Amino acid sequence: MKIVVLVKEVPDTYGDRKLSLETGLADRGASESVLDEIGERSLEVALSYADANAGTEVVVLSMTPESASATVRKGLAMGAAAAVQVADEGLLGADMGLTAEVLAAALRRTGFDLVIAGNQSTDGSGGVLPVMVAELLDVPAATYLNAVEISEAGVSGVRASDGATATVSASLPAVISITEALPDARFPNFKGIMAAKKKPFEVLTLDDLGIDPHDSDASRSIVIGLSEKPPRQAGTKIVDEGDAGEKLAEFLIQNRLV
């Protein structure tokens, strides 16, 4: 079985995250860049299955700037057999429509039985990319899974809703996305870090995938306006002079909080 895991380089959630007021894009230099944690958890699902099932090939796939190769290579150090990175200047500021198209094209080229992704990234938080990729590949999608079981023929899992849980399943090939309910990822050890340097690492461009980023057939979006969030203002202070209850009720009513 061939499992492809979608991973992404994101700004560290413990650092500052800012938008460039000139470009409307995330300021990647505002904090350290790391492999998204939900992508690491997705990779752990694939590697755990591979550990128990000989002959399973795990590949990490990412659409990132060329400078992110070291971050993608962490997936190899964790245990993936190969990595594919799509890096092209034409992808700067790509929306989810273009991103899904590129990832789907890369998956067709690489080949897969199962695609595993996180439910949403910590920077964009779109939450729909796995479904978009599945739609473009014309394969089933099982998303937002809190538990996963993989077999040679299919995949199943449990999805939580507001009032219940649902067990969903799909035959392979398929795309799934997982939540943070899945186990933490393993840490790369020294042996894995050294082995990663010799593992296959393919870098693809849009020309390799036959995609024109300006093609009108696919969804494209641009930022037409951007401004900084206004500074936080001091709140309203209510002093109890025997009528604090009335003042509080009036404040809540004026601000449509009741």
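In table form, for the structure just shown:
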read-out: Within segment 138-238, strands (runs of 3 or more DSSP E) holding 1 or more residues that are surrounded by 10 or more Cβ atoms within 10 Å (Cβ to Cβ) and polar (S, T, N, Q); value: 141-150, 154-160, 165-171, 174-178
read-out: Scan of segment 132-153 for residues that are small (Gly, Ala, Ser) and out of contact with any helix residue (DSSP H, G or I) (no Cβ under 6 Å at 6 or more places or on another chain), ordered by number; value: 134, 142, 147, 151, 153
read-out: Conditions (1) in contact (Cβ under 8 Å) with a residue 40 or more places away in the chain; (2) within 18 Å of the chain's Cα centre (by Cα); (3) not in a strand (DSSP E or B): number failed by residue 132; value: (1)
read-out: Per-region count, segment 67-93, residues at pLDDT 90 or above and either farther than 26 Å from residue 191 by Cα or of a type in the set (Asp, Glu) (or both); value: 3
read-out: Residue in segment 87-109 that is in contact (Cβ under 8 Å) with a residue 12 or more places away in the chain, part of a strand (DSSP E or B), under 23 Å from residue 75 (Cα atoms) and not β-branched (Val, Ile, Thr) present; value: no
read-out: Test for residue 241: is it under 18 Å from residue 48 (Cα atoms) and either touching a helix residue (DSSP H, G or I) at 6+ places or on another chain (Cβ under 6 Å) or not in a helix (DSSP H, G or I) (or both); value: no
read-out: Segment 52-75 - residue that is in contact (Cβ under 8 Å) with a residue 12 or more places away in the chain and part of a helix (DSSP H, G or I) and, of those, farthest from residue 103 (Cα to Cα); value: 74
read-out: Search result, residues across segment 178-204 that are modelled with pLDDT of 95 or more and polar (S, T, N, Q); value: none
read-out: Subset of segment 37-83 [out of contact with any Phe, Trp or Tyr (no Cβ under 9 Å at 6 or more places or on another chain), farther than 22 Å from residue 155 by Cβ and of a type in the set (S, T, N, Q)]; value: 64, 67, 71
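The values are calculated or read from the model by the stated rules, or taken from the named source; none is laboratory data. Treat the numbers as computed from the prediction; the structure is a model and nothing was measured. When we count neighbours, we look across all protein chains shown, and the Cβ atoms used for this are built from the backbone with ideal geometry, even at glycine.
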